[in-house]
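Beneath this line is the structure, given in structure tokens, with notes to follow.
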Amino acid sequence: MATVESLVAQIQGLSSSAGDLSLLLTHLKQADEFLHNESTRLLPFLEQLDPTLHSLGYLYILEACTSWPVTNDQARRLVLILSRFLTSCVADQIRLAPEKFIAVCKSFKDQVLMLEAPIRGVVPLLEAVKKLRSSEHLTTLHPDFLQLCLLAKCYKTGLSILEDDIFEVDQPRDFYLYCYYGGMICIGQKCFQKALELLHNVVTAPMSSINAIAVEAFKKYVLVSLIYNGQQFSTSLPKYTSSAAQRNLKTICQPYIELANTYSIGKISELEPYIQTNREKFDSDNNLGLVKQVVTSMYKRNIQRLTQTYLTLSLQDIANTVQLSSPKEAEMHVLQMIQDGEIYATINQRDGMVRFLEDPEQYKTCEMIEHIDSSIQRIMTLSKKLTAMDELISCDPLYLAKVGRERQRFDFDDFDPVPQKFNI
């Protein structure tokens, strides 16, 4: 019968080559139940192993140690061991047992949350995501990592993962959470365009029934749309949105729809009283900060409209027109908009006059040409992926069977002819 000592000796002796690791994996799978039965006395044996040299064996023992509920004192000790392992383990070895690695990472996340120290989990879990994922692949660890970034307010660290393109998803729920947490991180960094894209993915994702993630995402989607797009925002959802979302979201989120309608009028005198009336609702949803930014964005939109009419205007006139309390407040808004590149203007401090300018970008610099070329290359790559995906889906038996069933419900004249090779 196997003992822990003999298993440790096997791990030490079979961790050097691909062939040895394959044999070791077989031994570890056979000993998995034994390890779980002996889980309470395994931790001391980890001291005989190196998490870098013996990553696979270390993983199996560590997973057994973390498979049961732990106390706070045990969590404090385990978090140190888990952090060291996640940052130093070898990707090629842990990918031989991805389910075990995911279980260890999720246990690690639970333990740092138990200790109310999410920041301790950010860097180790970032390393874990990098080691587990393949190119353009969303793993089940992505949402857990982003959740820790949110709780620890490490928004910039979370952005490093959100910059990667995703084309493969293991579980739909992981995608919902990834986009929702990612949207919140982008909001924290004021990357509103990316936040809008991620929240849009949650709201329009396929769903058979409405869920809490979609509801909360839609509330933030409305607010971020107002901040980023202003009065161009439309409360109507795209046609490809699920019927469950189409039927329920606007009703459940009625205060946010009414806020958007009030915003579209363009008058601060109507927007602020509505927000004050519904302040408790927005506060209970933890969206009051975003709502305040919606008010700020209205001031900005109204100032931007002035640039389309006037070449010069005094700060006092700007304050009166957009309903700001003083020329000084108007100056602060104009300065912030100039800094953010939202308008082009100069302020004469002596007479308090603002001169609005044209966009200085001539689109002929080397940097701009490189940027345009990079965008074109990105679009061409995306086009190729979409073409390949379309061909793959068009030949998928499940898709063709579903299309066949749908066609039977309608008159054939309602459809374009199906290519001969796709006939069922």
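The values are calculated or read from the model by the stated rules, or taken from the named source; none is laboratory data. Since the structure is predicted, the reported quantities are computational estimates derived from the model, not experimental observations. A quick note on method: Cβ atoms are made from the backbone with ideal geometry, for glycine too, and the neighbour counts reach across all protein chains shown. For accessibility, only protein heavy atoms count, side chains too; no ligands or nucleic acids. Shrake-Rupley method; radii C 1.70, N 1.55, O 1.52, S 1.80 Å.
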(message) Which residue fluctuates most in the GNM of the chain (Cα springs below 10 Å): 401, 205, 64?
(response) 401
(request) Report, in whole Å, the centroid distance computed from the Cα atoms of region 129-143 and region 270-298. (result) 36
(request) Could you tell me how many degrees, from 0 to 90 and to the nearest 10, lie between the Cα long axis of helix 327-339 and the main elongation axis, the longest principal axis, of the Cα atoms of the chain? (result) 50
(message) I want the local charge near residue 64. Using Cβ-Cβ distances under 13 Å, sum +1 for each Lys or Arg and -1 for each Asp or Glu among the other residues.
(response) -1
(message) Whole percent per 5 Å bin, from 0 to the bin with the longest distance: what is P(r) over all C-alpha pairs of region 233-319?
(response) 3, 11, 19, 19, 16, 13, 9, 5, 3, 1, 0
(message) Once the cut-off is 13 Å, how many percent of the Cα-Cα pairs in region 260-308 end up in the long-distance tail?
(response) 57
(request) Multiply the residue gap between residue 385 and residue 329 by 0.36 nm, knock off their C-alpha separation, and tell me the result in nm, one decimal place. (result) 15.2 nm
(request) With runs of 4+ DSSP H residues as the only contributors, calculate the mean residue ellipticity of the chain at 222 nm using -39,500 (n - 2.57) per run, divided by the residue total and rounded to the nearest 500. (result) -21000 deg cm²/dmol
(request) Quick one: work out Rg over Rh on the C-alpha atoms of region 106-190, Rh as Kirkwood radius. (result) 0.94
(message) Taking the 0 to 90 degree range and rounding to the nearest ten, how far is the long axis of helix 72-88 tilted relative to the main principal axis of the chain, both from C-alpha atoms?
(response) 90
(message) Based on C-alpha coordinates, I'd like the Rg and Dmax of region 125-249, in Å.
(response) 14.4, 44
(request) Just tell me which aspartates and glutamates come within less than 12 Å, Cα to Cα, of residue 328; anything on the same chain fewer than 8 places away is out. (result) 317
(request) For the chain, compute Rh as the Kirkwood radius over C-alpha pairs and then the Stokes-Einstein diffusion coefficient at 25 °C and 0.890 mPa s; write the answer in µm²/s, rounded to an integer. (result) 94
(message) Can you give me the accessible area per residue for region 1-132, using a 1.4 Å probe, in Å²?
(response) 48
(request) Compute the distance in nm between two label points, each set 7 Å from the Cα along the Cα-to-Cβ direction, one at residue 268 and one at residue 47. (result) 6.7
(request) Please identify the longest segment of the chain free of exposed GluC sites (Glu not before Pro), where exposed means a DSSP state other than H, G, I, E or B and no more than 11 other Cβ atoms within 10 Å. (result) 164-357
(message) Among 52, 312, 381, which one shows the highest mean-square fluctuation when the chain is modelled as a Gaussian network with alpha-carbon springs under 10 Å?
(response) 381
(request) Taking the convex hull of the Cα atoms, report for region 1-132 its projected area averaged over all directions, in nm². (result) 7.1
(message) Probe radius 1.4 Å, ligands and nucleic acids ignored: give me the carbon and sulfur share of the accessible area of the chain as a rounded percent.
(response) 53
(message) At 1.4 Å probe radius, can you tell me the per residue accessible area of region 310-356 in Å²?
(response) 61
(request) Run through the DSSP bridge list for the chain and note the antiparallel percent, rounded to the nearest 5. (result) 80
